Every structure is written in C-alpha cells, then in structure tokens.
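A.B. asks: So that we are looking at the same thing, I have put the structure below in structure tokens.
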Amino acid sequence: MDTSNSTSRSTAEHERRTDRDFRRHALGLSELIDAADNRTKPVRDMFADYRSAAMEVETRFNVLNEQFSTQYDESPIETIKTRVKTLDSLLMKLERKGFPMTIESVEQNIYDVAGVRVICSFVEDIYLLADCLLAQDDVVLVEKRDYIANPKDSGYRSLHLIISIPVFFANEKKDVKVEVQIRTIAMDFWASLEHKLRYKKDFDEERLGDIADELLECADITRNLDLRMQNVRTKMRDARANR
C-alpha cells in the first residue's frame, strides 16, 4: 500500500478545510466589523460635524484678528482654544438633564458639544470681537450670557455666546451650534485655577468656605487688573493721538 500518496491527499484535504474555515471565520468577522461600524457611524458623523463647526468658528476669529492686525496694528486675540465634548461627557450630561440618548436629542438640547474659547488682552476687545462675529450675516445668536457684566457668585467672569453657524461639506450644508467663550488673560487664569481647585473634595465644609472666599477675592483682584490694564491702553492711545 502506498501510504505516501494517502498521506499527501490527507494533508491537502486538511489544508483545504483549514483554508475554508479561515475564510468563513474571516467573513464572519468582517460582517461583525461592518455591522459595528454601521451602528457607530451616525455618532462618528455627528462628532465630525461638531469638530468642523469648531474649526469654522476658529477660522472666523483668525480672520478677524488678521484684519485688525493689518488695519490697526493691534491683534485683539492672544490665543484660541477649541474642544469637542467626549462621548462619555455627553452621555452623562444627557442623563443628568433627563434628555433622550439620541443624536436628535443632542442636536436639539445640548448647545456646548463644540466649544471655542478666545483669549483677549483687554475687556473692550471681548465685546468688539463678539459684535464682529455676530454681524456676519450667516451667524445666528441663539443665546448670550454676559458673566462680565454679571459675574457668577463664585467670581467667574467671561462672555458666553451660543451661535449657530453653517458648515459646508462636499454635498450639503449644515447649521451647527457652537459655544463661544471670550475672556481676558486674567479671566482665563482665574477660571483655569478655580476649575482645578473646585474638584479638591478632601476638605471639610468650613475649609471649603474659606477657599471659596479666597477665590472670590482673587476674582476681584483680576477684575481690577483688567480695569487698570484697560486704562493704561487708553492712555497710550491718547498719547499717540496727541503727538
């Protein structure tokens, strides 16, 4: 009996079965990946819309800054920061506010998925930039909160705008909401440190109260600093005009 031929046929058959099993497994895995991809695609598309909207707003502010730099030799913007909420953060906010866990619910109820923070040197530049942005005919003001004129109890100051802005894609245009925060360097410095300290929970109530009072006093200091720096700028402008 020729055992070598029998062994060869057995090996070949085994390899064919192994190849079929591999291809069947790979096909099943590919279908699972495709199914998962199809389920998550609407969420990924939503976040892409918000990232694009944040980039659009950032570009508009950069253009304004370039214009003022060229025409008036002054750049009102120090820095621009953008961010888009994470999925976990967004889901927690929906749950906390009792909104449905759907993309439509996000678009209708959550206005700060995309955020743009503009840091200025002077208070007057905050309102100048806000007016210039809102004067653009395709920007719609949804909501305005002026925490500079009316600071929060904590001492927090900033101008908040919720706007709707068009984003142009390859085959469509979408109006997307973006939260815009405009503040001075001093306001941003205080807010950044206050945000870090706010999450220190290993103090008793009395100590936390003392810290809150200290932060409020620091907020007053930054407010006075903004006023004094604005006065210095005004004096310098007047001196140049009278030369």
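A.B. asks: Just need log10 I(q)/I(0) for segment 39-241 at q = 0.10 Å⁻¹, Debye formula, equal scatterers on the alpha-carbon atoms, no solvent, rounded to two decimals.
C.D. replies: Debye intensities relative to I(0), on a log10 scale: -0.52.
A.B. asks: Of E143, E58, how do they rank once you tally other Cβ atoms within 10 Å and put the fewest first? Can you show the working numbers first?
C.D. replies: On the way: E143 11, E58 16.
Fewest-to-most Cβ neighbours within 10 Å comes out as E143, E58.
A.B. asks: Mind checking the alpha-carbon convex hull of segment 58-153 and giving the volume per residue in Å³?
C.D. replies: So the per-residue hull volume is 134 Å³.
A.B. asks: Starting with the highest mean, order 233-240, 114-121, 187-194 by the number of other Cβ atoms within 10 Å, averaged over the residues of each peptide. Provide the component values of the computation, followed by the final result.
C.D. replies: Numbers: 233-240: 10.6, 114-121: 22.1, 187-194: 18.6.
Result, highest mean Cβ count within 10 Å first: 114-121, 187-194, 233-240.
A.B. asks: Highest first, please rank the peptides 75-81, 51-57 by the mean number of other Cβ atoms sitting within 10 Å of their residues.
C.D. replies: Per-residue mean Cβ counts within 10 Å order the peptides as 51-57, 75-81.
A.B. asks: What FRET efficiency comes out for T102 versus N242 if R0 is 51 angstrom and r is the Cβ-Cβ distance? Round to the nearest 0.05.
C.D. replies: Taking R0 as 51 Å, the efficiency between T102 and N242 is 0.25.
Read-outs throughout are calculated quantities, based only on the coordinates presented, and are distinct from any laboratory measurement. The model shown is predicted, which means the values in this text are computed figures rather than measured ones. In this analysis, Cβ positions are derived from the backbone assuming ideal geometry, glycine residues included, and neighbour counts consider all displayed protein chains.
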